[in-house]
Amino acid sequence: MKKSILLFLLISPILLFPLNSFDFNNRDQKTYNRLNKLYKSDQEKCLKMSNKMIEINGKNYIAYIFSLKCELFKYSDNFSNKKEARALVKKVRRLVQYAKIIEKNLDDEIKCRSGYFVDAKYLVTLIRNTGSVVVRLFPDSKDSYIKHCRPICDFSSLSESGSSYTVKKIYGSTRYTVDTTFYLNGLPTGSENLESSSLNEEISFLKILNIARKEKGLDPLEICQDLSRAARYHSYDMGTQNYFQHSSFDRQGKCSNLEIVGSFADRCKRFLNVSGLAENIAAGNYDAQSTYEQWYNSEGHYKNMFSEKYTHIGIGFIKIPNSSYTYYWTTDFR
């Protein structure tokens, strides 16, 4: 099931309530700091500790990063018998599994910070070398090995030399490469008019919300085209720049740090120079109904959708293929 996230923001002359979904929680931050410090001073101890953490809690995803990192650079192909070779194959299969877990559960910010993308490239080389060992010594395991590693590599026909092995992708390194002709940098001018990825879904969301508002004795919201342009701009920017926040950010490259370029209010005022706006954002769901239910079941989002003071709404639904969440929703209220 595709993961999904959401966030709300209420702007008033006094109050600002942000929530950053990509930040480490305190426990993960402490785990990362502890293992990273140990990795720099004693990799053997780091490996033992990270493996112990995984044994205790299989959802301690930070530990997988350091276990992978430590074991990658202990590789040696100087084995003297099949027993040692079998241990190597078993190890590589385990590291591939760790890579899958890391990719599924951790975002680019963490992978960049930890150096995982570099480790993933090294893992590809290790898979290639070990593949030739499998073909030579354990031919009956060839198909199983190929199937297990296929999410990372493409084996057209694996041989002892490994020459027929081709890298389909470095797992993680290309997953978030967005196929787009341009990025939005800095604050908008206010003239941007990005095309919705589905006007039908945007209209559907408005219908769903207005039916619910009427049932609660509230007036329906009207579409504000300027706010819709602002909302689509932000949905697009989050997907292409790989972040999930109300403020606008830029980054120079995949693993460079996010740099804030303006607040929610700064961005929206470029499209509509008014104050007292509110915003909901969500990611991960294609359809309007699922996104509405996300927001409906969250107190802050609910308050924005069913506030008596708002009369207009801007809706921005943008699909960014191969981005972190693929589908991005922004709704701005005034």
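The table below gives the values:
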| quantity | calculated |
| --- | --- |
| Lone unmet requirement of (1) in contact with a Ser or Thr (Cβ under 9 Å, 6 or more places away or on another chain); (2) among the hydrophobic types (A, V, I, L, M, F, W, C); (3) open to solvent by 10 Å² or more (accessible area, probe 1.4 Å) for A288 | (3) |
| Test: residue in the range 72-88 that is without any contact (Cβ under 8 Å) to a residue 60 or more places away in the chain, under 26 Å from N25 (Cβ atoms) and hydrophobic (A, V, I, L, M, F, W, C) | no |
| Leading residue by the ranking (farthest from S76 (Cα to Cα)) among those in the range 94-130 that are among the small types (G, A, S) and assigned to a helix (DSSP H, G or I) | S114 |
| Qualifying residue in the range 315-323 (condition: free of Cβ contacts under 8 Å to residues at least 24 places away in the same chain, under 22 Å from the mean Cα position of the chain (by Cα) and not in a loop (DSSP other than H, G, I, E, B)) | no |
| Any hit, the range 252-265, residues being out of contact with any Lys or Arg (no Cβ under 9 Å at 6 or more places or on another chain), part of a helix (DSSP H, G or I) and open to solvent by less than 10 Å² (accessible area, probe 1.4 Å) | yes |
| Filter result for the condition that a residue is surrounded by fewer than 21 Cβ atoms within 10 Å (Cβ to Cβ) and within 30 Å of G239 (Cβ to Cβ), over K37, K59, K69 | K59 |
| Which numbered condition E308 misses (of (1) farther than 22 Å from N185 by Cβ; (2) touching a strand residue (DSSP E or B) at 6+ places or on another chain (Cβ under 9 Å); (3) acidic (D, E)) | (2) |
| The range 185-202: number of residues that are of a type outside the set (A, V, I, L, M) and in a helix (DSSP H, G or I) | 3 |
| K91 being closer than 22 Å to R251 by Cα, touching a helix residue (DSSP H, G or I) at 6+ places or on another chain (Cβ under 8 Å), in a helix (DSSP H, G or I) and of a type outside the set (A, V, I, L, M, F, W, C) | no |
| Selection count, the range 193-223, where residues are over 26 Å from R267 (Cα atoms), open to solvent by less than 30 Å² (accessible area, probe 1.4 Å) and among the charged types (D, E, K, R) | 1 |
| The range 307-330, subset out of contact with any helix residue (DSSP H, G or I) (no Cβ under 6 Å at 6 or more places or on another chain) and within 14 Å of N285 (Cβ to Cβ), residue surrounded by the most Cβ atoms within 10 Å (Cβ to Cβ) | Y327 |
| Pair list, Cβ < 7 Å and 6+ apart or interchain, from the range 131-155 residues that are farther than 20 Å from K83 by Cβ and assigned to a helix (DSSP H, G or I) to residues that are open to solvent by less than 30 Å² (accessible area, probe 1.4 Å) and modelled with pLDDT of 90 or more | H148/V96; C149/V96 |
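The values are calculated or read from the model by the stated rules, or taken from the named source; none is laboratory data. If you're wondering where the values come from, they're calculated on a predicted model, not measured in any experiment. Positions of Cβ are generated from backbone atoms using ideal geometry, with glycine treated the same way; all protein chains shown enter the neighbour counts. In case anyone asks, the SASA skips ligands and DNA or RNA and just uses the protein heavy atoms, side chains included. Shrake-Rupley method; radii C 1.70, N 1.55, O 1.52, S 1.80 Å.
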